[in-house]
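*Asks:* First the structure, then my questions, so here it is.
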Amino acid sequence: MKTSTFRPRTALTAIAFGFAASLAAAQAWPAKPITLVVPFPPGGSSDALARAITTPLSQSLGQPVIVESKPGAGATVGADYVSKAKPDGYTLLMGAVHHTIATSVYKKLPYDFEKSFAPVTTVALVPNVLVVNAKSPATDVKSLVALAKASPGKLSYGSNGNGTVQHLIGTQFSGIAGVDLLHVPYKGSAPLTTDLLGGQVDMSFDTLTPLVQHIKAGKLRALAVTTAKRSSTLPDVPTLAESGIKDFNQGTWFGILAPAATPKEVVDKLNAEMVKIIKSPEFKKRMEEIGAEPVGDTPAQMATQIKDDTAKYSRLVKDAKVAIE
C-alpha cells in the first residue's frame, strides 16, 4: 500500500519539478547567441529585414543575434534546417510567403510548414513590383504586353527560384494578360537584380526592397506594383489592376518562426521584444527607406495568415500547374 500511494506523489512531484525547470530555463533565456536563418542569399528583402531587426533585438535581449544565410530550393533548404534545430529559441527562421507556396509546389518537402514551426511575428509586408531595364522599349504594362504578344516565349522574367511568389506572380500575370513569357529561376534577388541591370533578363516581379534604389536611380523602370493599392514608396507607379490586369493583388510578407515545441514563454518573449522594435519610429523609418510596411502581429495572427495563404496558393499552384519533384 505504501508503494501504491508513494508513486503517484512521486509522479506529481516529477511533473511539477519538470515544469519548474522548464519555466526557469525559459526565464533565463537567452543565455547565448541566437541565429536567425535567412533562406535566401544576401542582398534581398529577407536579408534586409533580418538585419534591420537583429541589431536592435541584440541590444534588447542582451545577446548577439546572428544572421546566417542558407539559400536553396526556393527557400526550403533553410526552412528544413530550422525545422530540425533544437527547439530552444536559439535557432530562428526568417520565413516568408514563399514557404506557404512551397507546400503545394514541392511534392516531397521534409517538413510541414504549418506543423513544424512556431510562428513568432510577421515583420513586414513588401509589395512586389513589375520592373524592366531602363533601356527596354516597354514604358508601361500595355506596351510590355504588346511586346510579349509580338514575340511569344521570347521575353523572360526572373524569379527567386521555382515555386517562389515571384514565379507564381509571373504565371498569373501571363495567364491574365494572355502572353507567353520565359521563366528564369535564380537563387535570390541579388543575382536576379544583377542580370536585370545587365539586360540578361527582361523583367521581374521581385519585391520592392532590392529594386527601389535602382528604380530611383533610373537604372530600372517600374511599370506596376502587384498589390491592390499603390506603394507609398513609389506613389506614382500604378497597380497592375489599374494597368488593365484585373483582380490582381499579390504581395510578400516576411516573418520570424521558431522550431515547433519551442517553449511558449520563449516565443512570447521573442514576440514582445520584436513587436516593440517593429512599432518603434526608428524601425518604421527604416522600412519606409526600403519600401516595406511594418506589421508586428501575434503568433496566433501569423499562424492564421500562414493557414490562409497555404490554402490560397494551393489553388493558384494547381491552376498554374507548377510542380517540383
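The values are calculated or read from the model by the stated rules, or taken from the named source; none is laboratory data. Note that this is a predicted model, so its numbers are computed, not measured. With ideal geometry, Cβ positions are generated from the backbone for all residues, glycine too; neighbour counts draw on all protein chains shown. Heavy atoms of the whole protein, side chains included, go into the accessibility calculation; ligands, DNA and RNA do not. Shrake-Rupley method; radii C 1.70, N 1.55, O 1.52, S 1.80 Å.
*Asks:* Give a residue-ordered list of calculated ³J(HN,Hα) values for region 74-88 (Karplus: 6.51 cos²θ - 1.76 cosθ + 1.60, θ = phi - 60°; whole Hz; x for Gly, Pro).
*Replies:* x, 6, 7, 5, x, 5, 4, 4, 6, 4, 9, 6, 4, x, 10
*Asks:* Further, regarding this structure: Dipole magnitude of the chain about its Cα centre, charges +1 at Lys/Arg Cβ and -1 at Asp/Glu Cβ only, in debye to the nearest 20? All intermediate terms of the calculation are to be shown ahead of the outcome.
*Replies:* Values: 34 positive and 26 negative charges, 119 e Å.
The calculation lands at about 580 debye.
*Asks:* Can you give me the accessible area per residue for the chain, using a 1.4 Å probe, in Å²?
*Replies:* Numbers: 14780 Å² over 325 residues.
That works out to 45 Å² for each residue.
*Asks:* OK, next. Would you work out which of Thr76, Val295, Ile53 lies farthest towards the positive end of the dipole of the chain, given +1 charges on the beta-carbon of Lys and Arg and -1 on that of Asp and Glu, about the Cα centre?
*Replies:* Toward the positive end, the furthest listed residue is Thr76.
*Asks:* Let me ask you something else. Return the subset of Lys84/Lys108; Lys84/Lys107; Lys229/Lys276; Lys149/Lys312; Lys187/Lys269 for which the Cα-Cα distance in this structure is over 22 Å, preserving the input order.
*Replies:* Lys229/Lys276; Lys149/Lys312; Lys187/Lys269
*Asks:* Suppose every Lys and Arg Cβ carries +1 and every Asp and Glu Cβ carries -1, with no other charges. What dipole size does region 66-210 come out with about its Cα centre, to the nearest 20 debye? Please list the in-between numbers first.
*Replies:* Values: 11 positive and 10 negative charges, 44 e Å.
My answer is approximately 220 debye.
*Asks:* Give me the percent of Cα-Cα pairs in the chain that sit more than 35 Å apart, rounded to a whole number. Walk me through the intermediate numbers first.
*Replies:* Values: 13296 of 52650 pairs.
Distances greater than 35 Å cover 25 percent of the Cα pairs.
*Asks:* Once phi is turned into θ = phi - 60°, what whole-Hz ³J(HN,Hα) does the Karplus curve with 6.51, -1.76 and 1.60 give for every residue of region 254-265, x standing for Gly and Pro?
*Replies:* 10, x, 9, 10, 10, x, 4, 6, 5, x, 4, 4
*Asks:* May I have the pair-distance distribution P(r) for region 75-131, computed from all Cα-Cα distances with 10 Å bins from 0 and rounded to whole percent?
*Replies:* Values per bin, smallest distances first: 20, 51, 23, 5, 0.
*Asks:* I've got another one for you. What ranking, highest mean first, results for peptides 67-73, 133-139 when packing means the other Cβ atoms within 10 Å averaged over each residue?
*Replies:* The packing order, highest mean first, is 67-73, 133-139.
*Asks:* So if I place +1 on the C-beta of Lys and Arg and -1 on the C-beta of Asp and Glu, and nothing else carries charge, what would the dipole magnitude of region 172-261 be about its Cα centre? I want it in debye, nearest 20. The partial results should precede the final answer.
*Replies:* Values: 7 positive and 7 negative charges, 50 e Å.
Dipole size: approximately 240 debye.
*Asks:* Alpha carbon centre of region 32-50 versus region 51-120: separation in Å?
*Replies:* 9
*Asks:* Classify region 187-262 as rounded, prolate or oblate from the Cα gyration tensor: take a ≥ b ≥ c as the square roots of its eigenvalues, call it rounded if a/c is under 1.5, otherwise prolate when a/b beats b/c and oblate if not. Could you put the intermediate results ahead of the total?
*Replies:* Numbers: a/c = 2.06, a/b = 1.24, b/c = 1.66.
Judged from the Cα gyration tensor, region 187-262 comes out oblate (a/c at least 1.5, b/c at or above a/b).
*Asks:* Can you list which of the chymotrypsin sites (Phe, Trp or Tyr not before Pro) found in region 130-214 are DSSP loop residues with at most 11 other C-beta atoms within 10 Å? Present the calculation step by step, with values, prior to reporting the outcome.
*Replies:* On the way: sites: Tyr157, Phe173, Tyr186, Phe205; in loops: Tyr186, Phe205.
Nothing satisfies the criteria.
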